[in-house]
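Have a look at the structure below, then the notes.
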Amino acid sequence: MLALFWVLAKAALFRANVPPGVPPDELAHVSYAADVLRSGRFVPLYEEMRILDEAGRSGDLPNYLPHPSPYYAAIGVVGRAFGVPANPSLVDLTRRLRLASAPLFAAAAALFLFLGWRRAWSLSSHVVYAAAVSTVPAFAFVGAAVNNDVLAFLAGGIALLGISRRLEGRSDLLTATLLGAGVAAALLSKATAGLLVSVAVFAVLVETWRVAPRATRGRFLFGALPWLVLPALHYLPVLIRWGTPIPSLNVTNPEAFARSAFVVAREGARLSLPAWGAVLSKTFAATWLSIAGHVWLPVGPAWTLGGPALLLALAAIGLFTAGRGDADGDRSGALARIGAFAFAMTLVANLAWAYSGYLETGRIGGLHVRYYLPLLPCLGMAAVAGLRRLPASAWLTAVLSALLFLADAGVTVRYLRLFPAG
């Protein structure tokens, strides 16, 4: 409960104090939601979507987001139910949509923490898991904004609950429904989350299919597969119209793309692959240890790296020893291993896409820790698996949790001080 309060309190502070448009791509997300509210289309006409001006009217700039619409439709409906006026300003609409998105984030955070709470661990293991999940600065920051990653977080939590049940030997309809619904929701949030969650679900099915009772297989598939119809209703029309499942701005409006910030003018030779990788790795690490939106916040004093470094060391121990010592029925190590596999496979695809974009446009980007947060609980599971392999876990737990919470509190305070007016 304390960890959930910590996450939701940070999100509430960010929601109230960070100006609209500062979180990653928030203006584009708000504009997308306004377009879905206005048109009512399940599959948007991406080439007609525009960025809102300060008065809340459609402007001249095209919207570059290629995501599916369900998240935007959901927060639009909730926002309208709570009284969004007919013609709100951009600031007013953003703040109302942030509030409309808040229940989705609260559900995701609660589900992430529930995945650890339901396990028969020691107190030290529960503390480490809660600290690992609740102290990633980007989690609450992105969760407080208007951003489809919020739906991706919830999808990850649903799928991981299904994966946990499957690893525990359950092949019932509820488990199948959780897996199918998790994959569908992830695919309907964004392509990266869809790939991440789909790989994790595929991995657990491969691992458990042979040991599952043969008589339950048909019923299990009946519970899981129908959910895939929902994302197909989005992706198939988009694929037919644009020839790609992800209609980015370079597809829907090549001229606008060529003039946009997505293309950086060539100035000298491109970076070598190792140099490009080093820059991107630094950016990825910074988005986990700190907060990086349209306002950059440095990682912080060197001591704040102690908690994340210790957490990663524990997680590495847990991953390398995953599968050992699970005779008590706890499969957290197996869940961590599946999450690591899904992370690795998605990261490879993400890096290939990002490097291809760099060669084409000169822009370094396309990799942010928030893309992988739908499987954040797997980091906590790996850390717990590592903790259980070591002696003196009580002291280690106290040091790790203190370092993580102090570092997270420092990031939160330093970031909020950038916006004293709220």
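The values are calculated or read from the model by the stated rules, or taken from the named source; none is laboratory data. Note that the structure is a prediction, hence the values are computed from the model and not measured. Note that each Cβ is placed from the backbone with ideal geometry, even for glycine, and that neighbours are counted across all protein chains shown.
The table below lists the values:
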{"quantity": "Region 388-422 - residue that is closer than 14 Å to Ser122 by Cα and either touching a strand residue (DSSP E or B) at 6+ places or on another chain (Cβ under 9 Å) or of a type in the set (Lys, Arg) (or both) and, of those, surrounded by the fewest Cβ atoms within 10 Å (Cβ to Cβ)", "calculated": "Arg389"}
{"quantity": "Breaking point among (1) hydrophobic (A, V, I, L, M, F, W, C); (2) loosely packed, with under 13 Cβ neighbours inside 10 Å; (3) under 21 Å from Leu65 (Cβ atoms), for Ala278", "calculated": "(3)"}
{"quantity": "One residue from Ala110, Ala138 being touching a residue at least 40 places away in the same chain (Cβ under 8 Å), surrounded by fewer than 20 Cβ atoms within 10 Å (Cβ to Cβ) and over 27 Å from Leu37 (Cα atoms)", "calculated": "Ala110"}
{"quantity": "Asp60 being outside any helix (DSSP H, G or I) and either exposed (fewer than 15 other Cβ atoms within 10 Å of the Cβ) or within 25 Å of the chain's Cα centre (by Cα) (or both)", "calculated": "yes"}
{"quantity": "Check on Gly223, surrounded by 14 or more Cβ atoms within 10 Å (Cβ to Cβ), farther than 22 Å from Leu104 by Cα and in contact (Cβ under 8 Å) with a residue 24 or more places away in the chain", "calculated": "yes"}
{"quantity": "Long-range neighbours under 6 Å by Cβ, at least six apart or interchain, first residue under 30 Å from Leu314 (Cα atoms) within region 337-365, second in a loop (DSSP other than H, G, I, E, B) and of a type outside the set (A, V, I, L, M, F, W, C)", "calculated": "Ala354/Gly366"}
{"quantity": "Residue check, Pro85 at pLDDT below 90 and closer than 27 Å to Leu113 by Cβ", "calculated": "no"}
{"quantity": "Selection status of Leu205, over 22 Å from Ala232 (Cβ atoms), part of a helix (DSSP H, G or I) and modelled with pLDDT under 95", "calculated": "no"}
{"quantity": "Condition broken by Pro237, with the remaining ones in (1) loosely packed, with under 14 Cβ neighbours inside 10 Å; (2) in contact with a Lys or Arg (Cβ under 9 Å, 6 or more places away or on another chain); (3) in contact (Cβ under 8 Å) with a residue 60 or more places away in the chain; (4) not hydroxyl-bearing (Ser, Thr, Tyr) satisfied", "calculated": "(2)"}
{"quantity": "Given (1) surrounded by fewer than 19 Cβ atoms within 10 Å (Cβ to Cβ); (2) outside any helix (DSSP H, G or I); (3) out of contact with any helix residue (DSSP H, G or I) (no Cβ under 6 Å at 6 or more places or on another chain); (4) not hydrophobic (A, V, I, L, M, F, W, C), number of the condition Glu54 does not satisfy", "calculated": "(3)"}
{"quantity": "Candidates Arg170, Arg165, Arg210 - the one that is within 20 Å of Ala336 (Cα to Cα), of a type outside the set (Gly, Ala, Ser) and not in a helix (DSSP H, G or I)", "calculated": "Arg170"}
{"quantity": "Members of region 13-34 found to be touching a helix residue (DSSP H, G or I) at 6+ places or on another chain (Cβ under 8 Å) and part of a helix (DSSP H, G or I), listed by number", "calculated": "Leu13, Phe14, Arg15, Asn17, Glu26, Leu27, His29, Val30, Tyr32, Ala33, Ala34"}
{"quantity": "Hits in region 401-422 - residues which are over 24 Å from the mean Cα position of the chain (by Cα) and assigned to a helix (DSSP H, G or I)", "calculated": "Ala402"}
